[in-house]
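Notes to accompany the following structure.
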Amino acid sequence: MPASTVPERRRRHRSPMTSHTITDRVSPRWMIVFTLAWLAIWTVQLTPVQLLLPLQLDTPADDWIRGVVSSGLVLGVGGLAGVLAAPAAGALSDRSRSARGRRRPWALGGVWLAVVCLVLTGSAEGPWAVGACWVGVSVGIAVASAAFTALIADQLPVSQRGAASSVISSAQAVGIVLGVGLVVLLGLSVPAGYLLLAAILAVLGTSAALLLPDPPAGVGEIPPQRTSSRPRLASLRDRDFAWVLGGRLVANIGNALGTALFLFFLLHGLGQPTAQAQDNLLLLIVIYTVFVVIASVLVGIVSDRTGRRRGLTVLAAFVQALSGIVVVLMPTFETTMVAAALMGVGYGAFSTAGLAFATDLLPDEQDHGRDLGIVNVTAALGQLIGPMLGALLVAVVGGFWLVFLMAAILSVAGGVMTGRARQPEPAAAPH
């Protein structure tokens, strides 16, 4: 790093907001609408990951590994599409001059792209067709997520960013229960399940995009055209921000390894019948959700009051790692329930404190949308790469023990990487 940039960087670590500080707190109504937006996003993204895609791509018992591999590849390709779409959409929204706001057009466009592709996915047959449609869903979700995430930096003071981050984490867990619960309890077929998800996103996603305030960019707020002295994606060269991004990605892959193959684990690892496995999957998701919500809310409060988010994030990653170790040592359904609780505590705390930590370290205020798009993609990409890696590990050993062991290893690695980022000075925390 050139020496001339060091003083500026140190000033930033005393205060995360570079050119102005947001002081006005948003209303409870804002938080409620924001919660509904993320509830819709997580419901339509994770219900297929946990239930619909595995059922859609499952193969006969004598060839079950092929179904696991197909599911993992479809999710992985969708994740790669999302990692390109979110930062691009965030960067374009940063520079938007629309009279309807900078973020709203992108939120609406992403929502409706995902809605259309969800319907198409439900009617697709075979890995290639399903994969092509799922790429469209992933891109739409990534674009909408980038727009909604940018609102945290646009409109929230530092003292409310932990709360907003806990909203995203809690909505993720509740969304899984909502989606899987509705499909299982209503006895919906795979196509009907996708139609239900499309309807949920159309209603909640559209309403949230229209109701959340998003004033047009004022004079001086739109970033200038990039010059040769400021390289593209310069934020990735920021040491602390880069460590947080890397740790978030690795820990989220660990989380996905520990959760995304639950249905296949119940079916082929524990030998449960299909109906019993679906019921038990719902039970595991409920356990996971309860602990995610509790951990998210508590850690969000603590991180906002103390401003010390790094230590909370690292500790949470280590708790998440314990869940994989439990299943490796004692692979029974009872211990899997314990693992689901540990995973919920660890992931809820990690995603909440980690997102708030990342917003504190945003390198450039003019690129909030793009950079938060990258932050958001590390979570979504981890959740989609995990099943692909898990499928490979299952194919290698013909079972699931290596999947859960690697989940523990990656969770620890993500925590260690996050710990390498420097915590902003206490002056950055609310008084």
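The values are calculated or read from the model by the stated rules, or taken from the named source; none is laboratory data. The shown structure was predicted, so the numbers you read here are calculated from the model rather than taken from an experiment. Quick reminder, even Gly has a Cβ in these numbers, built from the backbone with ideal geometry, and neighbours come from all protein chains shown. With ligands, DNA and RNA removed, areas are computed over all heavy atoms of the protein, side chains included. Shrake-Rupley method; radii C 1.70, N 1.55, O 1.52, S 1.80 Å.
Filtering GLY324, GLY311, GLY346 for residues that are at pLDDT 90 or above, closer than 19 Å to GLY419 by Cβ and assigned to a helix (DSSP H, G or I) leaves a single hit, GLY346.
Determine whether the range 344-364 contains at least one residue that is crowded, with 24+ Cβ neighbours inside 10 Å, over 18 Å from ASN252 (Cα atoms) and among the acidic types (Asp, Glu). Within the range 344-364, one or more residues are crowded, with 24+ Cβ neighbours inside 10 Å, over 18 Å from ASN252 (Cα atoms) and among the acidic types (Asp, Glu). Of the residues making up the range 52-69, none is farther than 30 Å from THR121 by Cα, part of a helix (DSSP H, G or I) and at pLDDT below 70.
Filtering the range 396-418 to residues that are over 20 Å from the mean Cα position of the chain (by Cα), more than 18 Å from SER323 (Cα to Cα) and either at pLDDT 90 or above or open to solvent by less than 50 Å² (accessible area, probe 1.4 Å) (or both) leaves only GLY398. Contact map, the range 192-209: residues that are over 13 Å from LEU118 (Cβ atoms) paired with residues that are open to solvent by 10 Å² or more (accessible area, probe 1.4 Å) and in a helix (DSSP H, G or I), Cβ distance under 6 Å, separation 6+ or inter-chain. Pairs shown: LEU204/LEU36; ALA208/VAL33; ALA208/LEU36; ALA209/ARG104; ALA209/LEU108.
In the range 197-216, the qualifying residues are those that are in a helix (DSSP H, G or I) and open to solvent by 60 Å² or more (accessible area, probe 1.4 Å), and the one that is nearest to ALA40 (Cα to Cα) is VAL203.
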